[in-house]
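The block underneath contains the structure these notes are about, expressed in structure tokens.
The values are calculated or read from the model by the stated rules, or taken from the named source; none is laboratory data. Bear in mind that the values here come from a model prediction, so they are computed numbers and not experimental data. Neighbour counts run over all protein chains shown; Cβ positions are idealised from the backbone, glycine included. Accessible surface is based on the protein model in full, side chains and every heavy atom, while ligands, DNA and RNA are left aside. Shrake-Rupley method; radii C 1.70, N 1.55, O 1.52, S 1.80 Å.
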Amino acid sequence: TFSAENVPPRHTFSTNCAVTGTMYGPAMGIGEHAVNAYPHTSIADLFIFVVRAPPYYKMTTVTLADAQSSTSPMTPTDKYINHYDSVISLDATTVTAMWDGTLTGYVTVDYWGAGYEVKNTVVTCSSSSSPLLGSVCKICRAGTFSDSGASSCTICPADTYNGLTGSSSEGACMACPAHAES
């Protein structure tokens, strides 16, 4: 039997979706909150919430699956950058570098137990590469795909497999290797 571990890694459709919610929690000051998350540019389906809270930029992340399945999703380690008085222009590439600790001139600090949290997440599609339920994306599970504009996921044809979630075309279904069962 062919397993998903043998599937070549490919970026899923997260760049076609946006995640919104509210970054809050005991470590956030009054009036500090972020509502939009930036997609990580190299980790599929990871979104970074960031808020400028002088003298810091506070950051936390949510996975696409958590954002879709929970109003208060679990988040990995919170992080921050001490920016003093400089203003960092935020975009997905810059926020990814902030999170990864590779932004020139700044040091990213892991902030275990910081108390940044995310609630009331909503996932919306910026293109029709995945089915919609109202305006909320539905991720197609492994073994399925969704053509542009489709309202549901389609099972891969016989003798093909797809070990990825969120596939946006039948081309993601690959022929099963010799002697494999589909």
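Laid out as a table, the results:
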| item | result |
| --- | --- |
| Distance (nanometres) between label positions extended 7 Å along Cα→Cβ at Ala92 and Asn120 | 2.6 nm |
| Accessible surface of segment 28-95 [probe 1.4 Å, protein heavy atoms]: carbon and sulfur percent | 55 percent |
| Segment 49-79: trypsin sites (Lys or Arg not before Pro) falling in loop per DSSP and having at most 12 other Cβ within 10 Å | none |
| Amide H within-cut-off set for Cys17, under 5 Å, with H built and near neighbours excluded | Ser126 |
| Exposure rank, largest accessible area first [Ile155, Ile81; 1.4 Å] | Ile155, Ile81 |
